[in-house]
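Quick notes on the structure that follows.
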Amino acid sequence: MTASPSPRHATPNKSQETGKPKLAFRPLPVPQVDVRGFWGDRAEAVATRTADILYDRCVAARMLEQIDPDQPSPGVVIPFHSPSPDEAASAGFTGSTVTTQMFWDSDLGKTIETAAYSLYRRKNPELEKKIDAVIDMYGRLQQEDGYLSSWYQRIQPGKRWTNLRDCHELYCAGHLIEGAVAYYQATGKRKLLDIMCRYADHIASVLGPEPGKKKGYCGHEEIELALVKLARVTGEQKYMELAKYFIDQRGQQPHYFDEEARARGADPKAYHFKTYEYSQSHIPVREQDKVVGHAVRAMYLYSGMADIATEYGDDTLRVALDRLWDDLTTKNLYITGGLGPSAHNEGFTSDYDLPNETAYAETCASVGLVFWATRMLGMGPNARYADMMERALYNGSISGLSLDGSLFFYENPLESRGKHNRWKWHRCPCCPPNIGRMVASIGSYFYSLADDALAVHLYGDSTARFDIADTPVTLTQASRYPWDGAVEITVEPQTSVEFTLHLRVPAWSSKAKLEINGEAIDLAEVTSDGYAAIRRQWKKGDRVRLDLEMPIERLYANPEVRQDAGRVALSRGPLIYCVEASDNDSRLHRLTLPRTAGIEAHDEPDLLGGVVTLSATAQADAGDGWQDGLYRSEPPAKVETRLTAVPYFAWDNREPGEMLVWLRDG
């Protein structure tokens, strides 16, 4: 297959305050990175199983009937929840029929993206033919003016651009744009890319700051980051400008959603979620300092803001993003990198409210945090963001996908009594293709490239190909990461070339060591913001060795997190651990891990696809002597037991049973 060239950019990155160019890092496209080892296994599972499963289940859900203009419209297929009278009226429905169908285009867009990156990894002519047919349907469905929304064309004709607040037009466009960019990069085919460029041009003709245009933006953010991708791959600055407009306009007064509601004859106050905090449109983005509302929407918005901050050198956005980052990571984030504790709004509640058993922690939200973090790295290597990206990648996101790539989680609790199990599909199937596309494109999160520098954000077996100073360079990593912290890097430039290699030194590794061609390097002298910066004239065969200590750590929550008071969690390297009933004799809530207990790591190549487990001697409350009543004056007796913990991402891949992340601390 033909890979696209490296993405192009239409404008330099400049500081709004100084006007001086700023160094910007952009991720390497997926076709320029080969991933093996831990992430290679997961990408292979997506390529061999998940990508086909996503397509087949989209077909089973009747999604293709909705986009195929040669078939009769399927009408409303999936009644989902009971709307408010205003929602029902604005959607043109009666009764309790508001459906996920309005964003089926987004599910197909993410499925196309997953398939694209999977096709790059492993040829699958049958799947490619199916995706080509889907793209052909969208080509036939697209209207002469460029408009493309199967919901508004096939289910609700005549109502386009009347309810940006609720009905996901731009959100769907964004996911289709991302699918188009991915399919072009992975296969060289640009039919969908051309379709989406025409649609983006139409959107720009309808929405924008110019007189006569609607001053709207999407209730569910996503198109902002998609337009940045489109601008980078096409070199068309107009798409970057449209993304910037959506960021700048959000939350401005008079509020567009109020005006839009009145225009369709609805009362703005009848909004189902009561507050525009739900969609982060309550105030302009540069004034925001609290993560609020729907967690996935928030992560997509902040991702788009970070892209625009990088592209335009906009320090006003960077300041706001850092405030929001602090608020999330110090008050509103699960230890797994999960976020959004509430099912009610699929999002945030109040500071330090992090229940474990009822945690919503949607897979899409953790994936969104990965998106946000990697875009913050566009403004320069900083382990503050990369460490959190790694935490979310290895824990809160890939927990949403079974090891064989066939089953999924929507919610990712940190405690289960055994009733929370993986499912084949969902009436709101946003998470399966989201985790699928992230895993399939994992190589783009490993590395990012600037004019004269390459940053290595993630470690593991992989090969990156890039040009620097017009010189082709191949960089190869060899490592058993995340099970082992030894990383060997070989640099192979076509000819000798000078550039800076930035290597992340994770905060959890306090005793890292660095060597270049066998010569020890003083990490303290070359490390800034958690990255070792090595500038030299690189020649063929140069070798870098980074040894990261992988300590087993006991982690404690801020005392304000009442659900974790008196509890302890375990980690090793980037991985958070949990205990499952499969490995432990006692009921999990009875277990106590003494502070004096030694914790050992064990390589288990035949367990859960090959993992490192942790074990310790623990205590358990005995169940004897309680036959006569529910309460008594004597505490339960303690018995010694062996505790075994497995990586959180791998839980519920065996027989159903209890799971616990936070153990009682002894």
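For this structure, a couple of remarks:
- Scan of the range 566-587 for residues that are among the aliphatic types (A, V, I, L, M) and under 24 Å from Ala507 (Cα atoms), ordered by number: Val568, Ala569, Leu570, Leu575, Ile576
- Among the criteria (1) within 29 Å of Glu498 (Cβ to Cβ); (2) in a loop (DSSP other than H, G, I, E, B), the one Pro429 does not fulfil is (1).
- Restricting the range 563-582 to residues that are assigned to a strand (DSSP E or B) and of a type in the set (A, V, I, L, M, F, W, C), the residue that is farthest from Glu357 (Cα to Cα): Leu575
- Count - residues of the range 148-180 that are under 18 Å from Leu64 (Cα atoms), assigned to a loop (DSSP other than H, G, I, E, B) and without any contact (Cβ under 8 Å) to a residue 60 or more places away in the chain: 3
- Any hit, the range 177-195, residues being more than 30 Å from Leu369 (Cα to Cα), in contact with a Gly (Cβ under 8 Å, 6 or more places away or on another chain), surrounded by fewer than 17 Cβ atoms within 10 Å (Cβ to Cβ) and not β-branched (Val, Ile, Thr): yes
- Pair list, Cβ < 8 Å and 6+ apart or interchain, from the range 352-370 residues that are in the same structural domain as Thr329 (by TED's automatic domain parsing) to residues that are surrounded by fewer than 24 Cβ atoms within 10 Å (Cβ to Cβ) and basic (Lys, Arg): Tyr352/Lys331; Tyr352/Arg562; Glu357/Arg417
- All positions within the range 204-226 that are crowded, with 18+ Cβ neighbours inside 10 Å and in a helix (DSSP H, G or I): Ala204, Ile223, Glu224, Leu225, Ala226
- Residue in the range 386-396 that is surrounded by fewer than 24 Cβ atoms within 10 Å (Cβ to Cβ) and assigned to a loop (DSSP other than H, G, I, E, B) present: no
- Applying the criterion of at least 2 residues that are under 30 Å from Tyr352 (Cβ atoms) and either in the same structural domain as Asn332 (by TED's automatic domain parsing) or touching a residue at least 40 places away in the same chain (Cβ under 8 Å) (or both) to the strands (runs of 3 or more DSSP E) found wholly in the range 458-557 leaves 552-555.
- Residue ID - nearest to His168 (Cα to Cα), chosen from residues in the range 246-283 that are in contact with an Asp or Glu (Cβ under 8 Å, 6 or more places away or on another chain) and assigned to a helix (DSSP H, G or I): Ser279
- Leu593 vs. criteria crowded, with 21+ Cβ neighbours inside 10 Å and out of contact with any Ser or Thr (no Cβ under 8 Å at 6 or more places or on another chain): yes
- In the range 303-347, the residues that are closer than 23 Å to Cys428 by Cα and in a helix (DSSP H, G or I): Ser303
- The range 371-385: number of residues that are part of a helix (DSSP H, G or I), among the small types (Gly, Ala, Ser) and in contact (Cβ under 8 Å) with a residue 40 or more places away in the chain: 2
- Positions within the range 267-285 being surrounded by fewer than 17 Cβ atoms within 10 Å (Cβ to Cβ) and of a type in the set (Asp, Glu), in sequence order: Asp267
- Unmet requirement for Asp621, which otherwise passes all of (1) touching a strand residue (DSSP E or B) at 6+ places or on another chain (Cβ under 6 Å); (2) within 21 Å of Glu658 (Cβ to Cβ): (1)
- Scanning the range 328-385 for residues that are surrounded by fewer than 24 Cβ atoms within 10 Å (Cβ to Cβ), at positive phi and modelled with pLDDT of 95 or more returns Tyr352, Gly380.
So that you can scan it fast, the table gives a plain yes or no per residue for (1) aliphatic (A, V, I, L, M); (2) touching a helix residue (DSSP H, G or I) at 6+ places or on another chain (Cβ under 9 Å); (3) at pLDDT 95 or above:
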position	(1), (2), (3)
Tyr445	no, yes, yes
Tyr459	no, yes, yes
Gln477	no, yes, yes
Val487	yes, no, yes
Ser509	no, no, yes
Ile521	yes, no, yes
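- Flag: Ala43 matches the condition of being touching a helix residue (DSSP H, G or I) at 6+ places or on another chain (Cβ under 9 Å) and modelled with pLDDT of 95 or more.
The values are calculated or read from the model by the stated rules, or taken from the named source; none is laboratory data. The structure presented is a predicted model; accordingly, all values stated were derived computationally and were not measured. So basically every Cβ, Gly included, is an ideal-geometry build from the backbone, and we count neighbours across all protein chains shown.
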